[in-house]
Amino acid sequence: MSKEILPGTPLSSEEFEKSITIEEHPNLEYSWDDGIAIGRYLKELKEGRIIARTCCGCNRTMLPPRMFCELCYRPTDEWAFVEDTGVVNTFCVTRVNWDASRRGPDEPPLIPAVVEIDGASKGMGILHLLGEVDPKKVKIGMRVKAVWKPKAQREGKITDIKYFKPY
Ligand SMILES: [Zn+2]
């Protein structure tokens with residue numbers, strides 16, 4: 001296959017640089033609306049409580065809460081407080097941080113886990129961290145309890161729970 005040079009007018013290096021340089025300073029401020037269900041969920045976390053939503057169509061207690069049931073295709077019905085205890089559904093032990101940076105050799109591994117919360121339906125829970133536990137002793141089915149930040153430090157975020165510990 002021969003290499004054919006197509007006719008045209010090539011750009012000089014200066015012209016090429018000029019053509020791809022974009023000097024924009026866009027305003028990237030934004031807001032995010034957390035909606036009715038997650039808004040209430042976050043507000044309750046600040047108070048040290050976990051709230052879910054029930055659906056009387058399928059009799060599920062959904063956590064995190066949602067205003068619409070994806071199984072019944074109908075609005076959910078009631079708010080329901082659930083416990084801050086639960087069971088480890090799945091977990092992993094990792095030396096990689098949330099931002100994909102590697103943990104230092106002196107830092108303990110992280111143990112992200114899905115915790116099925118007592119009072120919510122089977123399979124409903126929170127993705128969070130486990131703490132105060134030897135990574136080698138974590139088991140699926142292990143009972144855990146939330147360790148909350150002190151009330152004055154809570155902000156209405158999932159990190160108002162520091163981690164879940166064996167219970
Ligand atoms: Zn339903």
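The values are calculated or read from the model by the stated rules, or taken from the named source; none is laboratory data. Given the structure is predicted, the values throughout are model-derived calculations rather than measurements. Reconstructed Cβ throughout: ideal geometry from the backbone, glycine too, with neighbour counts over all protein chains shown.
Considering only the range 18-34, I want to know if a residue exists there that is at pLDDT below 85 and in contact with a Leu (Cβ under 8 Å, 6 or more places away or on another chain). Within the range 18-34, one or more residues are at pLDDT below 85 and in contact with a Leu (Cβ under 8 Å, 6 or more places away or on another chain). The residue that is nearest to M124 (Cα to Cα), among those in the range 37-61 that are within 8 Å of the ligand (Cβ to nearest atom) and assigned to a strand (DSSP E or B), is R60. Being more than 16 Å from the ligand (Cβ to nearest atom) and more than 30 Å from P112 (Cβ to Cβ) is a property that F91 lacks.
Could you say which residue among V82, V147 is away from the ligand (no atom under 16 Å from the Cβ), buried (at least 19 other Cβ atoms within 10 Å of the Cβ) and closer than 24 Å to G48 by Cβ?
Details: V147 fails: buried (at least 19 other Cβ atoms within 10 Å of the Cβ).
Going through V82, V147 in turn, the sole match is V82.
Does R66 count as touching a helix residue (DSSP H, G or I) at 6+ places or on another chain (Cβ under 7 Å), more than 25 Å from I140 (Cβ to Cβ) and within 15 Å of the ligand (Cβ to nearest atom)? Yes.
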